[in-house]
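The values are calculated or read from the model by the stated rules, or taken from the named source; none is laboratory data. Predicted, not measured: the structure shown is a model, and the values here were computed from it. Neighbour counts are summed over all protein chains in view; Cβ atoms, including those assigned to glycine, are modelled from backbone coordinates with ideal geometry. For accessibility, only protein heavy atoms count, side chains too; no ligands or nucleic acids. Shrake-Rupley method; radii C 1.70, N 1.55, O 1.52, S 1.80 Å.
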Amino acid sequence: MRRRNTILAVALIAVAVLYFAYDQSGSYFSARSAFAHSASYAGQSVAYERALGSDKIAILTNGSQSKAQIVHRKWGLLYEPGTSVEMAALQGRESVRYAWFSAGAGEADGKIAVVFAAESFDPAVKTVIVSNDTLADPAGAADVKQASTVYVELEVGEKYAIATKELGGQDVGSFVVRAADANGKILTGA
C-alpha cells in the first residue's frame, strides 16, 4: 500500500511540474490552442488556416478586427505562437484588409519566407494583388505583373486567402496592395 501511494505521489508531482512548465512556457499541445490563447480581441477565432511546412498560418477575426498569425511547431510536439500582424484596411475599400510579415529570416539560400494574407467582404473584389511596382494608376493586373519583380495574387473569392513567397532581401518591403475584380480590373489600391 505504501509503495502504491509513493508511486501515485511521484506521478502527481511529475504531472504538476509538467503542467506548470507547459502553462508558463507559452507552448500548447495544439495549433488551435496556440491561436486561441494568442487572440488579441474578445471573440477572435480562426477564420482561415493554412500550413507552411510544420508551422500553421491563420487569419483570426471577430468580424471587426483581424490579424494574421503564424504558429511554430516546437520539438514536434508543441505549438508556439509566433509573429502576429494586425490586418490593415485597403485605402478606398474598408471591407478589404491585408497584412504581410516575414515567416523566417536567414534561410540557407539567402531568401526570406514572406507571408501575405488578405480578406474581403466586398463581393466585387475577387483578388488582392501585392506587388512592388511603381505604377500610379494601372488599368489591370497584367500591367501590374509586367511592371513588378514581386507579384502575388490572393484569391479572396472565399473571403480569405494566405500565400507565401520566398524573396530576396532586396525585394522585401515597399509593397503596393490593390483590389481587383474577376476580370483583373484594378478597383482600388494603396
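When E80 is tested against (1) at pLDDT below 90; (2) farther than 18 Å from S30 by Cβ; (3) open to solvent by 30 Å² or more (accessible area, probe 1.4 Å), just one condition goes unmet, and that condition is (2).
Go through region 14-51 and give me each residue that's modelled with pLDDT of 80 or more and open to solvent by 50 Å² or more (accessible area, probe 1.4 Å). Matches in region 14-51: S45, Y48, E49, R50, A51.
Provide a single number: the residues in region 52-64 that are of a type outside the set (A, V, I, L, M, F, W, C) and either at pLDDT 85 or above or open to solvent by less than 60 Å² (accessible area, probe 1.4 Å) (or both). Full working, then the answer.
Initially, region 52-64 is screened for residues of a type outside the set (A, V, I, L, M, F, W, C), giving 53-56, 61-64.
Subset that is either at pLDDT 85 or above or open to solvent by less than 60 Å² (accessible area, probe 1.4 Å) (or both): 55-56, 61-63.
Total meeting the criteria: 5.
Annotation note: of I162, I186, I112, I129, the sole residue that is surrounded by 17 or more Cβ atoms within 10 Å (Cβ to Cβ) and more than 19 Å from A68 (Cβ to Cβ) is I186. Restricting the first member to region 74-101 and to residues that are on the phi > 0 side of the Ramachandran plot, and the second to residues that are surrounded by fewer than 17 Cβ atoms within 10 Å (Cβ to Cβ) and not in a strand (DSSP E or B), the beta-carbon pairs closer than 9 Å and six or more apart or on different chains are G76/S54; G92/A190.
Among the residues of region 107-114, not a single one is part of a strand (DSSP E or B), more than 20 Å from F175 (Cβ to Cβ) and among the β-branched types (V, I, T). Which of the following residues is assigned to a loop (DSSP other than H, G, I, E, B), of a type outside the set (D, E), touching a strand residue (DSSP E or B) at 6+ places or on another chain (Cβ under 6 Å) and more than 17 Å from V125 (Cβ to Cβ): S174, S148? It is S148.
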